[in-house]
Amino acid sequence: MSVIKFGTSGWRSIVAGDFTLANIRLAVAGIAAYVKSQPEPHRVLVGRDPRFLGESFVDEAARVLAGAGVTPIVIPEAAATPAIAYAVRTLKTSGAINFTASHNPPEYNGIKFNTHDGAPALPEVTQQMEAVIAQIEASGAAIPKAEPPAGGFETTDVRPAFLKRITELVDVKAIAKSGIKIVYDPFWGAGRGYTSEILREAGVSVETVHDYRDVLFGGHAPEPSSELLDDARKKMKEIGAHLGVATDGDADRFGIVDEDGTFIQPNYVIALLFDYLVETRGWRNGVAKSVATTNLVNALAEHHKIPLYETPVGFKYIGELILQDKIVIGGEESAGLTIRGHVPEKDGVLADLLVAEMVAVRGKSLGVQLRELFGKVGSFYPVRENFHLTSEQKDRFTEKMKADPAELSGRKVASIVRTDGLKLILDDGSWVCYRLSGTEPVVRAYTEARTESDTESLKAAAEKFVLS
């Protein structure tokens with residue numbers, strides 16, 4: 001069985017483990033076969049984040065594409081994932097291959113494939129690619145490659161057009177006018193020269209940390225999570241910043257720190273921006289969230305009388321709703337969002353700048369805004385935990401998830417949702433959602449209580465259900 005499996009956001013593996021040149025050739029050959037099955041022009045962007053050997057992987061992919069009769073367009077510099085997605089649409093290519101492992105640790109790399117509309121490939125596309133990969137492996141056939149032409153493969157810079165588009169979506173003049181100070185942490189990643197460049201160009205006072213290439217990302221995952229943002233907090237305190245913003249390794253995810261150093265979890269950022277966009281843009285066509293994302297979004301949708309779409313985990317499902325112009329904003333608790341009129345892909349650059357606009361226009365810290373939001377629709381306290389299981393425990397829990405429990409540690413289950421995994425809605429409005437990892441013996445448990453005091457007991461109940 002092939003080790004190449006495209007999950008919720010592409011294929012990822014450890015470099016020199018399963019992520020080898022031989023497997024890269026297989027993956028690209030599968031993508032090329034899919035592209036050739038689609039209408040012309042058969043032209044594909046090939047980009048990367050700043051990870052180790054990224055340049056070599058891009059070159060290899062370009063040669064395999066050319067060998068299959070697909071024209072590669074190489075992006076020479078590390079590029080943000082949303083910028084690559086935007087370029088697919090503006091350059092009207094057949095799609096994009098992006099070498100990135102996003103927020104995974106530095107020993108990983110991966111391949112994301114966006115289709116001709118700029119959206120992450122849907123399951124029917126990745127299944128087609130995987131079938132071709134399996135056929136090539138079974139046949140043992142050699143994968144043809146082509147040498148670059150005399151002047152090299154065609155190249156493009158995706159950054160300028162993308163930055164221009166972001167300034168059309170965000171009121172950067174309002175940010176500058178407010179006089180707020182901002183610290184940006186690109187985590188040594190592909191977001192370097194994006195968020196900070198837009199802010200500086202607008203005249204905003206912005207300082208950066210980790211603003212240089214480091215293929216080891218400081219020795220940890222390039223993930224803008226609370227525990228990894230201390231350097232940004234230190235810089236914020238040093239300059240008296242009102243806001244700290246960050247992006248992950250490929251700049252499709254965001255991280256937000258309030259003026260007092262408090263990390264504002266993505267669940268809350270999505271809800272706050274939803275409320276803000278309805279208020280300032282007047283958009284009312286809908287809102288989307290994954291099944292594991294806070295029900296604060298549900299409450300706001302009901303408050304604003306706006307349609308709610310609850311999707312499986314995987315941004316491609318939200319991307320489809322963006323393409324259909326059904327939503328104001330779509331987001332996932334794992335720090336991915338986009339908005340109406342933008343790419344059907346996660347965009348950490350856009351998220352950071354929209355938060356900056358929201359703080360500037362409202363003239364209030366995020367903590368104050370969140371308390372006001374709770375006052376409007378009630379309070380919500382979401383938490384995510386991972387439980388590592390033995391293979392036997394995972395097998396048992398897989399069977400357990402097929403049942404419909406009537407209660408959870410004495411709490412009555414009011415309804416069950418199976419959009420993705422098992423979601424138990426309890427009679428007091430709190431909930432627990434379980435999702436099994438497809439690549440390791442891990443179960444993710446998402447919980448949300450309506451009061452802070454109930455959070456710990458709900459987490460304990462969720463854990464007991466997994467381990468008992």
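Each label point is 7 Å from the Cα along the Cα-to-Cβ direction; what then is the distance between the points at residue 205 and residue 463, in nm?
Roughly 4.4 nm, to one decimal.
Give me the Kirkwood hydrodynamic radius of region 11-157 in Å, from all C-alpha pairs, to one decimal place? Present the calculation step by step, with values, prior to reporting the outcome.
Working: mean 1/r = 0.0667 Å⁻¹.
Kirkwood radius, region 11-157: 15.0 Å.
By the scheme Lys and Arg +1, Asp and Glu -1, what is the net charge of all other residues having a beta-carbon under 13 Å from that of residue 366? Don't skip to the answer; put the middle values down first.
On the way: positive: 362, 364, 371; negative: 258, 259, 260, 275, 352, 357, 372.
My count for the surroundings of residue 366 gives -4.
Just how large is the dipole of the chain about the Cα centre, in debye to the nearest 20, putting +1 at every Lys and Arg Cβ and -1 at every Asp and Glu Cβ? Could the numbers behind the result be given before it?
On the way: 52 positive and 62 negative charges, 154 e Å.
The dipole of the chain has a size of about 740 debye.
Sorted from fewest to most neighbouring beta carbons within 10 Å, what does the list 262, 247 look like?
In order of increasing Cβ crowding within 10 Å: 262, 247.
Using r as the Cβ-Cβ distance of residue 453 and residue 135, and R0 as 51 Å, what FRET efficiency do you calculate, to the nearest 0.05?
Values: r = 57 Å, r/R0 = 1.11.
The formula returns an efficiency of 0.35 here.
Quick one: work out the % antiparallel among DSSP beta bridges in the chain, nearest 5. Write out the running numbers ahead of the final one.
Working: 45 of 73 bridges.
Counting DSSP beta bridges with both partners in the chain, the antiparallel share is about 60 percent.
How about region 169-232: which trypsin sites (Lys or Arg not before Pro) there are in a DSSP loop, with at most 15 other Cβ atoms within 10 Å of their Cβ?
213
Check the straight Cα-Cα distances from residue 326 and name the aspartates and glutamates below 19 Å, setting aside those fewer than 8 residues away within the same chain.
In chain and number order, the partners are 117, 275, 279, 302, 310, 345, 347.
List, in order, the whole-Hz ³J(HN,Hα) value for each residue of region 112-125 obtained from phi through the Karplus relation with A = 6.51, B = -1.76, C = 1.60 and θ = phi - 60°; use x for Gly and Pro.
Residue by residue, region 112-125 yields 9, 10, 9, 7, 4, 8, x, 8, x, 4, 6, x, 5, 6 Hz.
Output ³J(HN,Hα) for region 348-364: one whole-Hz value per residue in order, computed from phi by the Karplus curve 6.51 cos²θ - 1.76 cosθ + 1.60 with θ = phi - 60°, and x for Gly and Pro.
x, 5, 4, 4, 4, 6, 5, 5, 4, 4, 4, 5, 5, 6, 7, x, 9
List the extent of the Cα atoms of region 381-467 along each of their three principal axes, largest first, rounded to whole Å.
34, 22, 22
When the chain is fully extended, how far beyond the present Cα-Cα distance does residue 59 get from residue 436, taking 0.36 nm per residue of separation? Let's see the in-between values first.
Values: separation 377, 0.36 × 377 = 135.72 nm, distance 3.54 nm.
Using 0.36 nm per residue and subtracting the Cα-Cα distance, I get 132.2 nm.
Fewest Cβ neighbours within 10 Å first, please rank 156, 20 accordingly. Kindly include the intermediate steps, with their values, before the conclusion.
Numbers: 156 17, 20 14.
The order, fewest Cβ neighbours first, is 20, 156.
Measuring from the lowest to the highest alpha carbon on each principal axis, how far does region 145-279 reach, largest first, in angstroms?
55, 36, 27
Could you check how many percent of all C-alpha pairs in region 1-73 are farther apart than 21 Å? Please list the in-between numbers first.
Values: 656 of 2628 pairs.
It works out to 25 percent of all Cα pairs.
Where in the chain is the longest stretch that carries no GluC sites (Glu not before Pro) classed as loop by DSSP and with at most 16 other Cβ atoms within 10 Å? Could the numbers behind the result be given before it?
Working: sites that count: 77, 107.
Longest stretch, sites excluded: 108-468.
Note down the nm distance, to one decimal, between modelled labels 7 Å out along Cα→Cβ at residue 280 and at residue 142.
For residue 280 paired with residue 142, the spin-label model returns 5.8 nm.
If the cut-off is 28 Å between C-alpha atoms, which lysines fall inside it for residue 5, apart from same-chain ones fewer than 8 positions away?
36, 92, 112, 145, 289, 316, 346, 394, 400, 402, 423
Starting from 0.36 nm per residue, how many nanometres of slack lie between residue 164 and residue 396 once their C-alpha separation is accounted for? If you can, show how the numbers build up before the last one.
Numbers: separation 232, 0.36 × 232 = 83.52 nm, distance 5.17 nm.
Length gained between residue 164 and residue 396: 78.4 nm.
What does the extension gain come out to for residue 260 and residue 122, with contour length at 0.36 nm per residue minus their alpha carbon separation?
On the way: separation 138, 0.36 × 138 = 49.68 nm, distance 4.04 nm.
Here the answer is 45.6 nm.
Starting from the Kirkwood Rh over alpha-carbon pairs, what translational D in µm² s⁻¹ does region 161-377 have by Stokes-Einstein at 37 °C and 0.692 mPa s? The partial results should precede the final answer.
Details: Rh = 17.0 Å.
Estimated diffusion coefficient is 193 µm²/s.
Just rank 252, 420, 325, fewest to most, by other beta-carbon atoms within 10 angstrom.
Working: 252 37, 420 19, 325 11.
The order, fewest Cβ neighbours first, is 325, 420, 252.
Just round it to a whole percent: the fraction of Cα-Cα distances in the chain exceeding 32 Å.
On the way: 43360 of 109278 pairs.
Tail of the P(r) past 32 Å holds 40 percent of the pairs.
Trypsin sites (Lys or Arg not before Pro), restricted to region 327-403: which are DSSP loop and have at most 12 other Cβ atoms within 10 Å?
Values: sites: 340, 346, 362, 364, 371, 376, 384, 394, 396, 400, 402; in loops: 340, 346, 364, 402.
Passing sites in region 327-403 are 402.
For region 78-127, run through the trypsin sites (Lys or Arg not before Pro) and keep only the ones in DSSP coil with at most 10 other Cβ atoms within 10 Å of their Cβ. Mind showing how you got there, number by number?
On the way: sites: 89, 92, 112; in loops: 92.
Answer by residue number: 92.
Coordinate-derived values only; no laboratory data. Please read these numbers as outputs of a predicted model, since none were measured by experiment. Reconstructed Cβ throughout: ideal geometry from the backbone, glycine too, with neighbour counts over all protein chains shown.
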